[in-house]
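K.L.:
This is the structure I have questions about; it appears just below.
The values are calculated or read from the model by the stated rules, or taken from the named source; none is laboratory data. These numbers come from a predicted model, not from an experiment. FYI the Cβ positions are ideal-geometry reconstructions off the backbone, even for glycines, and counts take in every protein chain you see.
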Amino acid sequence: MTKYLISFPASAMDVAEADLPAVGEAARAVIRAAKDAGVYVFGGGINDKVAPLMVAADGAVAHETYPQTKQFDGGFCVLELPSRDAAVEWAAKLAQACRCAQELREFGYDPES
């Protein structure tokens with residue numbers, strides 16, 4: 001089976017403050033369903049209160065990031081699914097729960113993962 005990344009940037013969620021608890025519960029319900037179906041690998045949200053670090057091969061640490069990922073935030077999950085069509089179905093469930101479109105990406109096959 002193939003692993004899929006389903007994600008969205010924080011800015012995509014245009015939800016009233018009062019609706020956030022309902023959105024959170026709806027999203028958690030989809031994740032519970034994915035766990036019950038045995039397709040959930042892992043997921044979460046990027047903690048935007050903690051700055052990213054760039055770690056070099058020699059272990060040197062810099063308080064920076066790649067320019068193209070400066071705005072990397074939001075939520076994501078990884079599901080292991082039998083087909084791209086199944087991934088689209090789960091992405092649609094998350095889009096409905098989160099009230100915003102989801103980006104779908106496929107991980108390359110790695111026999112070690």
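K.L.:
Considering only the stretch 72-80, I want to know if a residue exists there that is surrounded by fewer than 14 Cβ atoms within 10 Å (Cβ to Cβ) and not in a strand (DSSP E or B).
P.N.:
No: zero hits.
K.L.:
To continue, here is another question. Just for the stretch 1-25: of the residues that are assigned to a helix (DSSP H, G or I), without any contact (Cβ under 8 Å) to a residue 40 or more places away in the chain and among the aliphatic types (A, V, I, L, M), which one is surrounded by the fewest Cβ atoms within 10 Å (Cβ to Cβ)?
P.N.:
18
K.L.:
Name the one entry in 30, 55 that is modelled with pLDDT of 95 or more and touching a strand residue (DSSP E or B) at 6+ places or on another chain (Cβ under 8 Å).
P.N.:
55
K.L.:
Continuing with the same structure: Conditions: (1) closer than 18 Å to residue 9 by Cα; (2) more than 13 Å from the chain's Cα centre (by Cα); (3) among the polar types (S, T, N, Q); (4) not in a helix (DSSP H, G or I). Residue 47 meets all but one. Number of the miss?
P.N.:
For residue 47, the exception is condition (2).
K.L.:
Could you please tell me which pairs satisfy a Cβ distance under 9 Å, a separation of 6+ or placement on different chains, a first residue in the stretch 41-55 that is without any contact (Cβ under 8 Å) to a residue 24 or more places away in the chain, and a second residue that is in a strand (DSSP E or B) and not β-branched (Val, Ile, Thr)?
P.N.:
53/62; 54/62; 55/62
K.L.:
When the residues of the stretch 26-44 are narrowed to those that are assigned to a helix (DSSP H, G or I) and of a type in the set (Val, Ile, Thr), which ends up surrounded by the most Cβ atoms within 10 Å (Cβ to Cβ)?
P.N.:
Applying the filter and picking the extreme gives 30.
K.L.:
Related question: Within the stretch 101-111, take every residue that is in contact (Cβ under 8 Å) with a residue 12 or more places away in the chain and part of a loop (DSSP other than H, G, I, E, B) and give me the one that is nearest to residue 39 (Cα to Cα).
P.N.:
That would be 107.
K.L.:
Within the stretch 82-100, is there a residue that is in contact with a strand residue (DSSP E or B) (Cβ under 9 Å, 6 or more places away or on another chain), assigned to a loop (DSSP other than H, G, I, E, B) and surrounded by 15 or more Cβ atoms within 10 Å (Cβ to Cβ)?
P.N.:
yes
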